[in-house]
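Engineer: Before anything else, here's the structure in question.
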Amino acid sequence: KLGIVDHDKVELNNMHRQIIHTEAYIGQPKVKSAAAACRSVNSSIEVVEHEEALRTSNALEIFSKYVSFL
């Protein structure tokens with residue numbers, strides 16, 4: 001299981017350093033774009049999208065669902 005946490009949208013000016021996203025996802029949530037990219041590599045992967053900012057107030061709740069973090 002892979003969890004992706006981000007509250008932001010894909011923007012053209014960020015694409016040079018965020019290579020997981022494509023132009024097709026400009027304006028869309030980054031978690032949706034990243035999840036789609038992961039599924040395109042491995043269609044059987046379970047991806048959980050957390051469309052929110054990672055904060056001290058929610059980190060434990062989110063991290064408690066996973067074994068390792070990147």
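Engineer: Select from region 26-39 the residues that are over 20 Å from LEU54 (Cβ atoms) and either aromatic (Phe, Trp, Tyr) or not in a helix (DSSP H, G or I) (or both) and list them in ascending order.
Structural biologist: Result: ILE26, GLY27.
Engineer: Can you name the residue in region 39-65 that is among the hydrophobic types (A, V, I, L, M, F, W, C) and surrounded by fewer than 16 Cβ atoms within 10 Å (Cβ to Cβ) and, of all such residues, is nearest to ASP8 (Cα to Cα)?
Structural biologist: Among residues in region 39-65 that are among the hydrophobic types (A, V, I, L, M, F, W, C) and surrounded by fewer than 16 Cβ atoms within 10 Å (Cβ to Cβ), the one nearest to ASP8 (Cα to Cα) is ALA53.
Engineer: Looking at ILE4, ILE45, ILE62, ILE19, can you tell me which residue is in a helix (DSSP H, G or I) and β-branched (Val, Ile, Thr)?
Structural biologist: Going through ILE4, ILE45, ILE62, ILE19 in turn, just one is in a helix (DSSP H, G or I) and β-branched (Val, Ile, Thr): ILE62.
The numbers here are math on the coordinates, done by the rules we state, and not lab data. These numbers were taken from a predicted model, which means no experiment stands behind them. FYI the Cβ positions are ideal-geometry reconstructions off the backbone, even for glycines, and counts take in every protein chain you see.
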